[in-house]
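The values are calculated or read from the model by the stated rules, or taken from the named source; none is laboratory data. The shown structure was predicted, so the numbers you read here are calculated from the model rather than taken from an experiment. Note that each Cβ is placed from the backbone with ideal geometry, even for glycine, and that neighbours are counted across all protein chains shown.
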Amino acid sequence: MMDIINKVVNEKLVKVIMSNGTYKEFHKVVMRPIMIKNKHMYQFEMFTKTQAFHQNVDDKQAKELVLEIMESMKQMDAFMIDEVKTIKRTKKGKIMEHSHKQINKKAEVTHNRQKQYILQEGIVIPAFVDLGIMNQDGTIIKAKYDKFKQINRFIEMVDDVLQGENRKHLNIIDFGCGKSYLTFILYYYLVEIRKMSVNIVGLDLKKEVIKNCNAIKDRYGYENLSFELGDIHGYQPNFEVDMVISLHACDVATDFALANAIQWKSKYILSVPCCQKEVNRTIKEEYNPILNYGLLKERYSALVTDTIRSQVLEACGYQVQVLEFVDMMHSPKNILLRCRLQEAKQVQLSAEFKGWLASMHLQPTLLKELTRMGLYEEL
């Protein structure tokens, strides 16, 4: 086997894939040549069912590690710049070698410290495959890489808010879940990667959407994920809610979701507002030239809306972060409110803030809802 490895690990190598077996806990290992500080090295990417691990070694170590891995794996495919070599080990231990001509483009070998995503390429995630983002072998479809990054961005935001928390279980409500692929991916991340137990409920008004989502979660085998037909406004769960997610709930539906989360004292809130029309319809100011231009008024109203929501959430005891969800080039609706409850309390708004609202003749739905719930009395 070492004679074969010596023929493979050289300047013509593009990459090596070792599979059809298990090396330690890894079901696949990919090796590529890279450059680190002008030194020629090899990077090993080792895949479990849910994670990928990386190791960089020199030429001698690479050959030794390949030999060690191939004691457990039964197949090695070596992609050279002008051919592909396939090496297989039979059940009786006989080594079979086959090669065919094929031009393989050699990748840039500079180690550029590319971002390591939580959800990594090479690990098959059913929802990614169904979304058309990932092939059956775990490779990301090039045209869908931006979507892959956007979903990872959301998962990173969830991961960040949970850092330092010793939680073993989460009860989550996803308001306005729609087709729910992000919900499926969140379930995968929490259960398969963070090894938590969860109870996730997706809520939507469309009967057919709920039916399809429940069929998909059964196909995936996601036991503690369910979808219910229901309205955000007035929804009452029969369990304590730890996290509320509201992604692109239109107009005041976002306010209903936030009010529910506040009433339930949800520990975490992640909300991406959408179509903030209420302020745009009702805002009045004695002098503001922005209001004379439709597009500018719309954007100004959206910023006012998210400022109101952030201030009210802080007044209710939440630490609020206003974050860029996706790059502006992909969507103008790119703001995410990420909130962590510090201490639940009755809403107390400053005189300055109430004066600001009055100057624009605004009575926000979020404050109306909190008044209806008995959490605010000064509207």
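Points to keep in mind about this one:
- Out of Gln136, Gln150, sole residue that is farther than 30 Å from Asn260 by Cβ and touching a residue at least 12 places away in the same chain (Cβ under 8 Å): Gln136
- Residue within the range 217-224 that is part of a helix (DSSP H, G or I), loosely packed, with under 15 Cβ neighbours inside 10 Å and out of contact with any Pro (no Cβ under 6 Å at 6 or more places or on another chain) present: yes
- The requirement of being at pLDDT 90 or above, of a type in the set (Asp, Glu) and in a helix (DSSP H, G or I) is satisfied by Asp159.
- Among residues of the range 41-69, those that are touching a residue at least 24 places away in the same chain (Cβ under 8 Å) and over 30 Å from Lys195 (Cα atoms), counted: 7
- Test: residue in the range 233-247 that is out of contact with any Ser or Thr (no Cβ under 6 Å at 6 or more places or on another chain), of a type in the set (Gly, Ala, Ser) and either modelled with pLDDT under 95 or at positive phi (or both): yes
- Only a single criterion out of (1) under 18 Å from Ile269 (Cα atoms); (2) of a type in the set (D, E, K, R); (3) in contact (Cβ under 8 Å) with a residue 24 or more places away in the chain is not satisfied by Glu165, namely (3).
- For the range 127-145, residues that are touching a helix residue (DSSP H, G or I) at 6+ places or on another chain (Cβ under 9 Å) and part of a loop (DSSP other than H, G, I, E, B) total 7.
- Answer residue from the range 175-203, given it is over 16 Å from Thr50 (Cβ atoms) and within 12 Å of the chain's Cα centre (by Cα) and is modelled with the highest pLDDT among those: Thr183
- When the range 269-285 is limited to residues that are without any contact (Cβ under 8 Å) to a residue 40 or more places away in the chain and crowded, with 18+ Cβ neighbours inside 10 Å, the one that is nearest to the chain's Cα centre (by Cα) turns out to be Gln276.
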